[in-house]
1. Being on the phi < 0 side of the Ramachandran plot, among the small types (Gly, Ala, Ser), within 14 Å of the chain's Cα centre (by Cα) and more than 14 Å from chain A (Cβ to nearest Cβ): is that true of B:Ser104 here?
2. Residues to consider are A:Gly93, A:Gly57; find the one that is of a type in the set (Gly, Ala, Ser), touching a helix residue (DSSP H, G or I) at 6+ places or on another chain (Cβ under 8 Å) and farther than 30 Å from A:Leu123 by Cβ.
3. On the basis of being modelled with pLDDT of 95 or more and either among the hydroxyl-bearing types (Ser, Thr, Tyr) or more than 30 Å from B:Phe54 (Cα to Cα) (or both), does A:Ala19 make the cut?
4. Within the range A:72-90, track down each residue that is buried (at least 20 other Cβ atoms within 10 Å of the Cβ) and in contact with a helix residue (DSSP H, G or I) (Cβ under 8 Å, 6 or more places away or on another chain).
5. What helices (runs of 4 or more DSSP H) lie completely within the range A:1-114 and have 2 or more residues being within 14 Å of chain B (Cβ to nearest Cβ) and either more than 16 Å from the chain's Cα centre (by Cα) or without any contact (Cβ under 8 Å) to a residue 60 or more places away in the chain (or both)?
6. Collect the residues in the range B:85-96 that are part of a loop (DSSP other than H, G, I, E, B) and basic (Lys, Arg), keeping them in residue-number order.
7. Scan the range B:69-92 for residues that are among the charged types (D, E, K, R) and more than 7 Å from chain A (Cβ to nearest Cβ) and jot them down.
8. Answer yes or no: is there a residue in the range B:57-68 that is more than 11 Å from chain A (Cβ to nearest Cβ), surrounded by 19 or more Cβ atoms within 10 Å (Cβ to Cβ) and of a type in the set (Phe, Trp, Tyr).
Amino acid sequence: MKIIYNCYGGSHSSVTAAAIHLQMLPETRRPSSAELLNLPYYDAQVGKDHGRIRFFGYDNIGNEVYITGKKNLGPYYEKIMYNLLALGGDKQGKFVFINTMPYVNIWMVIGGYLSRRLGWRALGRPLVMYGTKQAYWKFIHLINLVKDKYIKP
Amino acid sequence: MKIVFLDHFGCFASVVLAASYSGVLSPKLVKTKDILNLPHFAEVKNIQPGKLYFLGKDQAGNDYYTLGAGFYSSFIINVVWPDLKKLSEIKGRIVLYDVNSLNSFLLIYFEILSQGRFRKITKYFWALWFIHFKRKTIENATKVDFANHY
């Protein structure tokens, strides 16, 4: 199965969720700033990377985990992707698209905009990391839901 | 080959183009009624992007579809679709074609703001838009050969 975590830019919430899924971040405490910054693609993608589906790793039962940015397509992204896959005769249930946007808080939005759009990393990065830590338990909850629903050992 | 026309809702310019290609509609666009009678044209229930419609088959056996992609048709065609194709085992050839530029942006914004509530009225404006302002463009667009299209 291919699990694709998607958010606006594929830079913060989708990366955090994918990293929790792959156990690259702890499940019992909030991560440190260094742990977040060490993640691949965290606060690193720019405008031209939006839409690219990036491989993030394999989970412990062999599922492939990806991240992507979908701009403002919101919930329609999933619908469009499933329609295109169905058109190509791809097997149902082989792809799972997880929207991480509902778990994004205002700090992540402001920090992400400052850091990624305006390039003000010194200001945006601390804000987005603060926001990620604040929303961290929600991401843990999301991953538990994803694992319960889609991943059968 | 499957040819998918992408526009905002998947029920305006995409339907007209798909119908012209599949031979349901003459590319010369003579009567308003012909456009209004097209299957899925100005579909009342379609108020959000994401819907896929099958429009028909041409004599060469190509299937024609329309898909609503919001303002992101070119984003999907140029960035998302190539990556998705690599990841999946898509069988056969699928060509995506952006026709959002044939739509009236004024009418699109009206549809978004009104949530499609006036579609029974606006469909006449849409048909008139295609006949009076986009006839030549549609005629030229139907000359595109998809065999050489990515």
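The values are calculated or read from the model by the stated rules, or taken from the named source; none is laboratory data. Predicted model only: the values in this text are computed from it and were never measured. Virtual Cβ from ideal backbone geometry, glycine too; neighbours counted across all protein chains shown.
1. Taking the combined requirement at face value, the residue satisfies it.
2. Numbers: A:Gly93 fails: touching a helix residue (DSSP H, G or I) at 6+ places or on another chain (Cβ under 8 Å).
Among A:Gly93, A:Gly57, only A:Gly57 is of a type in the set (Gly, Ala, Ser), touching a helix residue (DSSP H, G or I) at 6+ places or on another chain (Cβ under 8 Å) and farther than 30 Å from A:Leu123 by Cβ.
3. yes
4. Selection gives A:Leu73, A:Ile80, A:Met81, A:Leu84, A:Leu85.
5. Here the list reads A:76-87.
6. Listed by number, the residues that qualify are B:Lys91, B:Arg93.
7. If the condition is that a residue be among the charged types (D, E, K, R) and more than 7 Å from chain A (Cβ to nearest Cβ), then B:Lys85, B:Lys86 are the ones that fit.
8. Yes, the range B:57-68 contains at least one residue that is more than 11 Å from chain A (Cβ to nearest Cβ), surrounded by 19 or more Cβ atoms within 10 Å (Cβ to Cβ) and of a type in the set (Phe, Trp, Tyr).
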